[in-house]
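Before any comments, here is the structure.
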Amino acid sequence: MNILVSACLLGNNCRYDGKSVPCRQVMDLAQKHRLFPVCPEQMGGLPTPRLPSEIVNGKVLRSDGVSVDGEYRRGAEAALKTALDNGITLAIMKSASPSCGNGRIHNGRFDGGMTDGDGITTALLREYGITVINETELNTIDELTV
Ligand code: SF4
């Protein structure tokens, strides 16, 4: 099965801090499935490293107050295109990210707090009927990939 995956979970150093968050369980899925890594923030044109960003009143702002909403939305469109071009119906996206997070994301106050909600890319993928889980929900992977 073709699966869209946040590139940082596969060891790509594309996070805002220039690091990755490799997840062995996600990487091992490559033995049975075809994984399509995407980093929506880089695909939207943002540099690495970059200042952290959060969703504030529906728009993505950097920690210095500058809007990067356009870049986030361009990156989401690019990730969606990768999914649609490859018949992808399942995505494993990094938790908490303002792009890739699903269910819980940072609260927009840059204080480490969290709130309910999806990142910009996850919200778009879901609009198009793509199932999105994060790296903490892999216990559901067998039933999602039958
Ligand atoms: Fe990882 Fe997504 Fe952030 Fe890129 S945008 S670093 S893939 S969480």
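Based on this model, can you work out whether residue 22 counts as under 14 Å from the mean Cα position of the chain (by Cα), free of Cβ contacts under 8 Å to residues at least 24 places away in the same chain and surrounded by fewer than 16 Cβ atoms within 10 Å (Cβ to Cβ)?
So residue 22 fits the description; yes.
Can you name the residue in region 28-47 that is of a type in the set (A, V, I, L, M) and outside any helix (DSSP H, G or I) and is also nearest to the ligand (Cβ to nearest atom) among such residues?
Looking at the filtered set, the residue picked out is 38.
Could you tell me which of the residues 96, 76 is at positive phi, within 11 Å of the ligand (Cβ to nearest atom) and modelled with pLDDT of 95 or more?
Result of the check over 96, 76: 96.
Among the residues of region 106-123, how many are crowded, with 19+ Cβ neighbours inside 10 Å and either aromatic (Phe, Trp, Tyr) or within 11 Å of the chain's Cα centre (by Cα) (or both)?
5
Give, as residue ranges, the helices (runs of 4 or more DSSP H) completely inside region 63-146 that count at least 1 residues that are of a type in the set (Phe, Trp, Tyr).
By residue number, 69-85.
Identify, by number, the condition in (1) at pLDDT below 95; (2) within 16 Å of residue 60 (Cα to Cα) that residue 140 doesn't meet.
Among (1) at pLDDT below 95; (2) within 16 Å of residue 60 (Cα to Cα), the lone unmet condition for residue 140 is (2).
The values are calculated or read from the model by the stated rules, or taken from the named source; none is laboratory data. Only a predicted model underlies this, so the values are computations on that prediction, with no experimental measurement involved. Here Cβ is always computed from backbone atoms with ideal geometry, including for glycine, and neighbour counts include all displayed protein chains.
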